[in-house]
Amino acid sequence: MNIEQMESYLKKIRSIQGCKVVIDENEDIEEIHIVSDLRRNPKQILRDIEAVLISEFNISIDYKKISIAQVNGDAVHNESDPRLKLKIIEYNNNGSNIEVRVVLEKCGHTYESSMSGINTSSNINRILGNTVLKAVEEFCEVQDVFVFEDARKVSLSNVEVIVVSISSNYQNREEIYTGSAKIGNDVKQALARATMDAINRHIIQLTS
């Protein structure tokens, strides 16, 4: 068993900062010690560890042998901007239908989603907003939490701004979030940024 290779694979898992695999005299895994940052739930990290061991090494291990210590590491505190960022918006116009692809980024990792629907101006807004939200859910490792509800253009001090409302249903608790962004030269880009503005501050409850 190549322990160094196993440790190297496990360190590639998001949020893991350190790893030590301990084997017994029969070269069976006795313990796995993990150090991670606080960006992900330990259960999510544990699930990824089990998946890597099975897929890459064909090893199934009792989860009780895996210990995860979470720390406020320097990698977390040194992030200049810890929020998810909008990286790519792409449109594929097929006449009556349109497909929207969104890629978000955080700390070098990307989270992608795509959706399609009828090509009308109001529906494009809903498709774009919900595609952004699906990418956020991929980052949070949840499903069917956010729904894009509405968007409005407003003028404030002669500046065009787009305001969006997002509904959330998480752990049987319903909430409405709002966000805004200056429109500038691209309304769709502003709508995506407003959607991110609405939920970025609330993402922590889904990843804690």
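Residue-level analysis places residue 137 outside the set of residues that are loosely packed, with under 15 Cβ neighbours inside 10 Å and not assigned by TED's automatic domain parsing to the domain that holds residue 44. A count restricted to the stretch 13-22 and to residues that are closer than 19 Å to residue 3 by Cα and either surrounded by 17 or more Cβ atoms within 10 Å (Cβ to Cβ) or modelled with pLDDT under 90 (or both) stands at 6. Scanning the stretch 152-174 for residues that are within 23 Å of the chain's Cα centre (by Cα) and in contact (Cβ under 8 Å) with a residue 12 or more places away in the chain yields 163, 164, 165, 166, 167, 168, 169, 170. The residue list 160, 174 contains one member that is exposed (fewer than 12 other Cβ atoms within 10 Å of the Cβ) and either in contact with a strand residue (DSSP E or B) (Cβ under 6 Å, 6 or more places away or on another chain) or in a strand (DSSP E or B) (or both), which is 174. Of all residues in the stretch 10-48, those satisfying the criterion of being within 14 Å of residue 67 (Cα to Cα) and either hydrophobic (A, V, I, L, M, F, W, C) or in the same structural domain as residue 137 (by TED's automatic domain parsing) (or both) are 10, 16, 19, 21, 22, 29, 32, 34, 35, 45, 46. The single condition among (1) more than 30 Å from residue 123 (Cβ to Cβ); (2) crowded, with 17+ Cβ neighbours inside 10 Å; (3) at pLDDT 90 or above that residue 89 does not meet is (1). For the stretch 183-194, the criterion of being buried (at least 20 other Cβ atoms within 10 Å of the Cβ), in the same structural domain as residue 90 (by TED's automatic domain parsing) and not hydrophobic (A, V, I, L, M, F, W, C) is met by at least one residue.
For residue 80, indicate whether it is among the hydroxyl-bearing types (Ser, Thr, Tyr), loosely packed, with under 13 Cβ neighbours inside 10 Å and modelled with pLDDT of 80 or more. Considered against the rule, which asks whether it is among the hydroxyl-bearing types (Ser, Thr, Tyr), loosely packed, with under 13 Cβ neighbours inside 10 Å and modelled with pLDDT of 80 or more, residue 80 comes out as no. When the stretch 177-206 is filtered for residues that are in a helix (DSSP H, G or I), touching a helix residue (DSSP H, G or I) at 6+ places or on another chain (Cβ under 8 Å), β-branched (Val, Ile, Thr) and modelled with pLDDT under 90, only 199 remains. Flag: residue 53 does not match the condition of being touching a strand residue (DSSP E or B) at 6+ places or on another chain (Cβ under 9 Å) and at pLDDT below 90.
The values are calculated or read from the model by the stated rules, or taken from the named source; none is laboratory data. Remember, predicted model here, so these are calculated numbers, not experimental data. We place every Cβ from the backbone using ideal geometry, glycine too, and count neighbours over all the protein chains shown.
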